[in-house]
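Below: one structure, written as structure tokens.
Each value in this text was obtained by applying a stated rule to the coordinates, not by laboratory testing. Remember, it's a predicted structure, so these values are computed and weren't measured experimentally. A quick note on method: Cβ atoms are made from the backbone with ideal geometry, for glycine too, and the neighbour counts reach across all protein chains shown.
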Amino acid sequence: MNRIKRRISNLSILLAFSLASSFSYAQTKSVEQDKGDYVTLANKEFNNGKWETGKSILDKGIAENPNDSDLHMLLGKYYHHLKQYDKARYELNKAIEITPENIDAKHILVNVETETKRYSSAICYVNEILEVSPYLKSLWKKKIHLYELQGNQVEADRLRKRLFQIYPNDQELKKDYTYSIEVEASKNRISGDIDKAISLNKELVKNSPDNLEYHLVLINDFIKGGDTTNALMYTERALAVFPHNSTLLNKKIGILADQKNYDVLLSFLQQNKLSKQYDYYVLEAARHAKLNDPFELYSKVLNTNSRNEEAFNYVYNQLVGQQQYEEALHQLTKFKKASGASKALTLKELQLYSRMGNKAKEASLIKELYRNYPTDVEVQDAYYRIALEEAKSYMQEEQYELAIEKWNSVLNSGKQDTRMLAYMGLYNSYLAKGDYGSALHILNQYELQSSENKLLGFKKADIYFKLHNYNSALSAYEEELISLNQEQRAFYLKGYEELCTAVVKEHNENFLYNESLYYIKRWLAHDPTNRTALVYGVNLSHQLKREEELDRYLQKGVTAYPEDVFFQVKLAEYQGKSVTDFAPVYVVILNQVIQQPYHEMALATYEEIGEKYVKQLIKEGQIDEAMNIVEEALIYVPDSKELKYTKGLVLEKQKKYAEAQYYQSFYAPSPLEVEEHKKHLQFLGYKSLQNEVGIEYLRSRFDDESGKKHSIASAHYTRHTLNNSYTIGANYTGRDAGRGIQGHIDWSRTWTDKWSTNVNIALADAYFPKFAINGSVFREVNFLGGVELELGAGYRKFQEDKESTSSDSNMFNIVLGATKQTDQYSLNVKLNNFFNDGEWMYNLGVNARYFLSSPKHFIAAMAGVGSSPEVELIDYQLYDTFDVFNTNVGAGYGTILFKNVTASVMGTWYNYKANDLKYKNFYNLYFSINVVF
């Protein structure tokens, strides 16, 4: 008997080895010969418009070469042609995952993302291609177009200018760049920004100096801006390019005429032989000269009699009016020598030096006047104005000691206003010097002497702040606020905000968060809806883990600013950490993302809430809704690895294991999770394959004196589809009286998310039931978080000879079961009811499994009790002791050996009553190995 078993075992190993070797050789040969053919043939069919024929070729190629990047790229091209963008994106990403340098796949992905309006992703793929082909001009143009589609005109114009600089001889690029400048200049001209329009038109003239229109538009813009000097200069430049253009000639004539520059104008007209216009402007020049005749006459009088006061006053006033200050000073000096010095003439000289900007001479004259006429009020005013200017000059030069000296001298002024200016100057000097105590003292003196001392509290608040006396600073500011009317208060609240912000910021930088929160409360007491204060309140409450205060600040913020993204997002984030139903929170944050799809904080919170909501829906069994939500979330956060991983969890629940494996691969496990995550990905890869071959071996023995042993070897093949599994298999056993073979077929089907069935039929010649049929119906119910109930029935007709000891050859059974399964464990309770020879028997069994990384990697424990053996022992007819007390316990372990191979081992111990006095023990050891492909 042992020799037969060894031969069967050796034959099984030899057969498995032969099949694996043949399969590996055929596969290698096929890959080498057909890989290039599939790509070439499929491309040819696509180019001829035979897309479905090409698709068939690709399906065959991918079946043989699933990791060929080019085949997946062409499949993505096929789906792109059909506008099935999700499938196209999946296949193209698969191609890039296999071969990151697959540029063709990235080119197609650019088109897919552009057509689905995911412009940011399209730009990313363009950038990846440009890293390999940086001088691909057409791709740079594509990138510019994508920025324009995205609405980012600034970046599009910047890139267009950069590309034009790289390819200055490309006429098409030049045309695009020039057109963009024309449009921008036109917009600025319409909006009234003439300076910006002029700057852009200069660029146009620089790039296209032979374009007359650009010259004319630039000249007109200078004229509109009142800059006739530059208008004339650019007209001259244009005439250098177009020397005989009548429009430009007329422009120059008009500008010179407006400037009354008749000397240059008449010379220009003669030079260009424009006789009619020359005659006209000669007359205009004569009229202009005639208007100035009195000046010429008075000048002649003054040359004859330098003491003539009337002539001097006229000539002097005309020269000053024409800003000819040097000539006016010359005439004044002559008149002063002739008629003698006087206070009035000194004042005129002072006026000239003032207009000429000769500050030193002006100051010198004022001081001279002050020494000669110290009681003159006007001289005093001028002197103190000079002192004020000198003090300001010292302030600008940061010579604060000299400035303070000057300010103190101005305090002697007889004018209240001037003295008040001196006090404020001293205040500013001490403030700039950092002498805050003296600044506060001067401010108090100013308050005592000033008849209008309002708003000084604001300045005091600033000094107190600089002295780090924050309570006094806020008190001074708050006292000032209380005295203001509503309109003034609204204006000065901005300053209060700046002061409070500075106080809170300084405390935050020193990690004094409790003190910061105190100032926030004080701030909000005077400005209850201040956004900055509410934001600080939210952040500080969160930092200090004061949940009630955090909720209160968030509610105030949402009430005061219902459209503000920060408060809406933070409220959603806060609620997302405490609620169990994420649906309402998800709707709120989704609305914010829809309104502002580029808001980083909103997107981050949306990503977190979306992930939690999807996991909630998975837990509730709403798998289709979970998929809708995660797909929606990925539209707004397409690069989120967390959401992609979550999508993989949903796909696993939908039994789409290949896609689930791809998306769950985005998860970045911690060092402790790496091995577990790797095994789970292997499990998904294992489940994605449709064909399964299994080999099992059972070794049994009794512990009585007979030492009787049994062995059963089994093999089966299963074909898995999305909703169905079909199995065909055989069991073999050898006993003392001979051998027995049993064949069986099984069919499992999932009808809906809630309902599924299983049916199996078996026939045997010996040792197994001659005929057996079983069927079960499974139903998911919403109990204890989701439980699967089982109701089944079976019939067995036993062999009537061999070692069977059954008193009746027929047995019926009814199965009642319940299974609770989560991601971590499964627990099955099953009650079998047997009816044999008119008697009822039962067996109650419990089977528990704890998943280490996946349902294929587990540890198991089981136990059972009843008046009948476990149903598996009945099917194998290992012992037939019925209607006595039976118990059993067992344990096992299963794992994934390789990406497509699993194995398990299970041991059980059965104890049953053999007669009135004696109990027997029966031991089983199960080995199994499964291979999928």
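Quick notes on this structure:
- Look at the Cα gyration tensor of the range 296-356: its axes a ≥ b ≥ c give a/c of at least 1.5 with a/b at or below b/c, and that counts as oblate.
- Nearest 10 degrees, 0 to 90: helix 416-433 Cα axis against the chain principal axis: 40 degrees
- At most 16 other Cβ within 10 Å, DSSP loop - GluC sites (Glu not before Pro), the range 526-605: 563
- For the peptides 523-532, 585-594, residues were scored by their other Cβ atoms within 10 Å and the scores averaged per peptide; the highest-first order is 585-594, 523-532.
- Low-density loop cleavage sites - chymotrypsin sites (Phe, Trp or Tyr not before Pro) in the range 829-899, where at most 10 other Cβ are within 10 Å (DSSP): none
- Using the Cβ-Cβ distance between residue 844 and residue 543 with R0 set to 60 Å, the FRET efficiency from 1/(1 + (r/R0)^6) comes to roughly 0.60.
- Across the chain, C-alpha contacts under 8 Å between residues 6 or more apart give a mean separation that, scaled by the residue count, equals a relative contact order of 3 percent.
- Inter-part distance where the range 314-384 and the range 390-436 are each reduced to a Cα centre, Å: 27 Å
- Helix 2-47 vs. the chain, principal-axis angle (Cα, 0 to 90°, nearest 10): 40 degrees
- Cross-link table 641/754; 106/206; 361/406; 678/820; 83/142, entries beyond 29 Å C-alpha to C-alpha: 641/754; 106/206
- Of 653/830; 577/899; 117/612; 50/143, those spanning more than 29 Å from alpha-carbon to alpha-carbon: 577/899; 50/143
- Straight Cα distances below 17 angstrom link residue 556 to the lysines 521, 570, with same-chain residues fewer than 8 positions distant left out.
- Neighbour-count ranking [beta-carbon atoms within 10 angstrom, fewest first] of 749, 160: 749, 160
- Cα-Cα over 28 Å, subset of 359/494; 44/644; 196/459; 94/687: 359/494; 44/644; 196/459
- Packing rank of 918-925, 792-799, where each peptide gets the mean count of other beta carbons within 10 Å, highest leading: 792-799, 918-925
- Acute angle (nearest 10 degrees) that the helix 436-449 long axis makes with the longest principal axis of the chain, alpha-carbon atoms: 50 degrees
- Loop GluC sites (Glu not before Pro), the range 426-495, which have at most 10 other Cβ atoms in a 10 Å radius of their Cβ (DSSP): 452
- When each of the peptides 90-98, 672-680 is scored by the mean number of other C-beta atoms lying within 10 Å of its residues, the order from highest to lowest reads 90-98, 672-680.
- Eligible lysines near residue 913 by straight Cα distance, threshold 18 Å, same-chain separation 8 or greater: 708
- Built amide H within the under 5 Å cut-off of residue 825, gap 5+: 851
- Residue order, fewest to most surrounding Cβ atoms within 10 angstrom, among 435, 462: 435, 462
- Each Cα pair under 8 Å and six or more residues apart adds its separation to the average, and for the range 284-431 the resulting relative contact order is 11 percent.
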